[in-house]
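J.: The structure is given below, and queries will be raised subsequently.
The values are calculated or read from the model by the stated rules, or taken from the named source; none is laboratory data. Since the structure is predicted, the reported quantities are computational estimates derived from the model, not experimental observations. Neighbour counts are summed over all protein chains in view; Cβ atoms, including those assigned to glycine, are modelled from backbone coordinates with ideal geometry. Note: accessible area is taken over every heavy atom of the protein model, side chains too, but ligands, DNA and RNA are not part of it. Shrake-Rupley method; radii C 1.70, N 1.55, O 1.52, S 1.80 Å.
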Amino acid sequence: MIQEPQPTDSHKVWLITGASSGLGQRLVNSAVNRGDFVISTSRSPRPPTDFSQSPRLVYRQLDADSSTDEIKKRVEECITIWGRIDVLVNSAGTVLPGLLEEGGSALLRRQMQTDVFGMLNVTNAVLPHMRERMSGTLVMCSSRSSWRTDVPGLGFYATSKIAVRTLGEGLAVELESFNIRVLITEAGAFRTEGMPTTPFYKKNPIPAYDALRADWEHTFASQSGTQRGDPEKAAEIMVDAVRGEGWAEGREWSTKSCEPGWPMYLPLGPDAEVAIRQKCEQVLETCDELGDVIRSTDFDKE
């Protein structure tokens with residue numbers, strides 16, 4: 001009988017959601033190619049047709065839109081495969097393009113269900129295991145859109161990704177004493193499958209928005225397949241960060257947002273850097289110009 005390989009202390013065991021396509025799929029390939037063990041998951045009951053046959057890779061169904069109890073059950077089954085999960089990558093997500101007044105709270109709930117509520121349910125199902133082991137890494141996939149919120153049609157998506165970043169920042173503080181690290185990625189536009197092709201929401205058309213809707217629907221459709229970002233490169237950078245290899249090996253961080261040997265934020269793509277810098281500059285300029293007003297709200301000194 002051929003002995004199946006088992007992870008040692010030098011390996012990491014990854015659980016990656018939304019791994020049937022896009023960046024999640026590239027992360028699976030990168031981690032396996034480094035010699036790690038990976039549990040690839042998506043909402044489909046079957047793996048992709050080109051799924052690798054590596055003995056260090058298994059596929060399991062895990063739908064972030066399932067009930068809390070179902071997600072917990074699925075995660076517990078994943079833990080039993082190799083006895084542990086060292087890295088959870090919350091890659092599952094969706095983009096629901098639509099105008100805020102037309103989509104309303106109903107479309108926002110749909111957007112938040114997968115990107116935020118489902119993500120947190122998966123995270124909370126894994127955390128007891130990581131806390132018990134006093135070790136783990138959470139990778140929270142936010143987006144450039146959480147900084148560039150002025151794009152018509154992406155308001156719902158941007159809102160969900162702001163929430164992802166905020167939850168990641170909160171988790172980093174709450175989990176620090178358990179030696180669980182949090183990495184928040186902020187990816188720009190990458191040439192992946194699936195999400196960029198989601199139809200623009202038009203079930204509640206308001207005539208006043210016809211021109212704006214048509215313009216941005218055309219813009220989104222024309223961008224698909226032309227993005228500058230290479231998802232293979234992004235995946236390699238993310239795995240480098242988690243494993244402390246490549247660009248991350250021996251790097252000393254000088255920023256206050258980074259703990260020794262570990263960055264909390266990982267922007268990916270020049271467009272992500274531009275969006276982050278512009279938003280920060282805009283807010284800081286407001287603080288500079290309105291500083292006297294901002295600081296005038298305290299009670300008068302007696």
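Condition check ((1) closer than 25 Å to Leu23 by Cβ; (2) modelled with pLDDT of 95 or more) across all residues:
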site	(1), (2)
Arg60	yes, yes
Ala92	yes, no
Val95	yes, no
Glu101	no, yes
Leu108	yes, yes
Met112	yes, yes
Met119	yes, yes
Met130	yes, yes
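J.: Right, another one. If you check every pair at least six apart or on different chains, which have Cβ atoms under 7 Å apart with a residue in region 288-302 that is aliphatic (A, V, I, L, M) first and a residue that is open to solvent by less than 100 Å² (accessible area, probe 1.4 Å) second?
T.: Qualifying pairs under 7 Å: Ile294/Cys287.
J.: Identify, please: which residue in region 173-211 is of a type in the set (Lys, Arg) and either in contact with a Leu (Cβ under 6 Å, 6 or more places away or on another chain) or within 26 Å of Leu138 (Cα to Cα) (or both) and is, among those, most open to solvent (accessible area, probe 1.4 Å)?
T.: Restricting to residues being of a type in the set (Lys, Arg) and either in contact with a Leu (Cβ under 6 Å, 6 or more places away or on another chain) or within 26 Å of Leu138 (Cα to Cα) (or both), the top hit is Arg191.
J.: A further question on this structure: Within region 75-89, count every residue that is open to solvent by 10 Å² or more (accessible area, probe 1.4 Å) and either within 20 Å of the chain's Cα centre (by Cα) or of a type in the set (Ser, Thr, Tyr) (or both).
T.: Residues meeting the conditions: 2.
J.: Could you please find all residues in region 143-155 being in contact with a helix residue (DSSP H, G or I) (Cβ under 8 Å, 6 or more places away or on another chain) and part of a loop (DSSP other than H, G, I, E, B)?
T.: Trp147, Arg148, Thr149, Val151, Pro152, Gly153, Leu154
J.: Under the condition of being in contact with a Lys or Arg (Cβ under 8 Å, 6 or more places away or on another chain) and in a strand (DSSP E or B), which residue from region 163-208 is nearest to Ser224 (Cα to Cα)?
T.: If we take residues in region 163-208 being in contact with a Lys or Arg (Cβ under 8 Å, 6 or more places away or on another chain) and in a strand (DSSP E or B), then Ala187 is nearest to Ser224 (Cα to Cα).
J.: Residues in region 222-257 that are open to solvent by 70 Å² or more (accessible area, probe 1.4 Å), modelled with pLDDT under 90 and closer than 23 Å to Ser21 by Cα: how many?
T.: Within region 222-257, residues that are open to solvent by 70 Å² or more (accessible area, probe 1.4 Å), modelled with pLDDT under 90 and closer than 23 Å to Ser21 by Cα number 3.
J.: On to the next question. Kindly indicate whether Thr123 is open to solvent by less than 50 Å² (accessible area, probe 1.4 Å), closer than 30 Å to Asp210 by Cα and of a type in the set (Ser, Thr, Tyr). Walk me through it before giving the result.
T.: On the way: open to solvent by less than 50 Å² (accessible area, probe 1.4 Å): yes; closer than 30 Å to Asp210 by Cα: no; of a type in the set (Ser, Thr, Tyr): yes.
Considered against the rule, which asks whether it is open to solvent by less than 50 Å² (accessible area, probe 1.4 Å), closer than 30 Å to Asp210 by Cα and of a type in the set (Ser, Thr, Tyr), Thr123 comes out as no.
J.: Now for a different question. Would you be able to say whether some residue in region 98-114 is assigned to a helix (DSSP H, G or I), among the charged types (D, E, K, R), surrounded by fewer than 16 Cβ atoms within 10 Å (Cβ to Cβ) and in contact with a Leu (Cβ under 9 Å, 6 or more places away or on another chain)? Before the answer, list the steps.
T.: The initial filter retains those residues of region 98-114 that are assigned to a helix (DSSP H, G or I), namely 100-114.
With the extra rule that they be among the charged types (D, E, K, R), the set shrinks to 101-102, 109-110.
Adding the requirement that they be surrounded by fewer than 16 Cβ atoms within 10 Å (Cβ to Cβ) leaves 101, 109.
If we keep only those that are in contact with a Leu (Cβ under 9 Å, 6 or more places away or on another chain) too, we end up with none.
No.
J.: Can you tell me which of Met119, Met140 is farther than 25 Å from Val274 by Cβ and either aliphatic (A, V, I, L, M) or not in a helix (DSSP H, G or I) (or both)?
T.: Working: Met140 fails: farther than 25 Å from Val274 by Cβ.
Only one candidate qualifies: Met119.
J.: Also, quick follow-up: Just for region 26-69: of the residues that are of a type in the set (Asp, Glu) and surrounded by fewer than 14 Cβ atoms within 10 Å (Cβ to Cβ), which one is farthest from His129 (Cα to Cα)? Break it down stepwise before answering.
T.: Within region 26-69, the first condition is being of a type in the set (Asp, Glu), and the residues that meet it are 36, 50, 63, 65, 69.
If we keep only those that are surrounded by fewer than 14 Cβ atoms within 10 Å (Cβ to Cβ) too, we end up with 50, 69.
Values: Asp50: 31, Asp69: 16 Å.
It comes out as Asp50.
J.: Now for a separate question. What single numbered condition from (1) outside any strand (DSSP E or B); (2) at pLDDT 95 or above; (3) within 21 Å of the chain's Cα centre (by Cα) fails to hold for Pro267?
T.: The one condition Pro267 does not meet is (1).
J.: Step by step: first the residues of region 159-172, then only those that are surrounded by fewer than 22 Cβ atoms within 10 Å (Cβ to Cβ) and among the hydrophobic types (A, V, I, L, M, F, W, C), then the one that is farthest from Lys203 (Cα to Cα). Which residue is that? Lay out the reasoning, then the answer.
T.: First, the residues of region 159-172 that are surrounded by fewer than 22 Cβ atoms within 10 Å (Cβ to Cβ): 159, 162-163, 165-167, 169-172.
Subset that is among the hydrophobic types (A, V, I, L, M, F, W, C): 162-163, 167, 171-172.
Details: Ile162: 25, Ala163: 26, Leu167: 31, Leu171: 37, Ala172: 39 Å.
By that ranking, first place goes to Ala172.
J.: Condition first: of a type in the set (A, V, I, L, M) and out of contact with any helix residue (DSSP H, G or I) (no Cβ under 6 Å at 6 or more places or on another chain). Now tell me which residues in region 1-53 satisfy that. Talk me through it step by step, then tell me what you get.
T.: Filtering region 1-53 down to residues of a type in the set (A, V, I, L, M) leaves 1-2, 13, 15-16, 19, 23, 27-28, 31-32, 38-39.
Of everything in region 1-53, those that are of a type in the set (A, V, I, L, M) and out of contact with any helix residue (DSSP H, G or I) (no Cβ under 6 Å at 6 or more places or on another chain) turn out to be Met1, Ile2, Val28, Val32.
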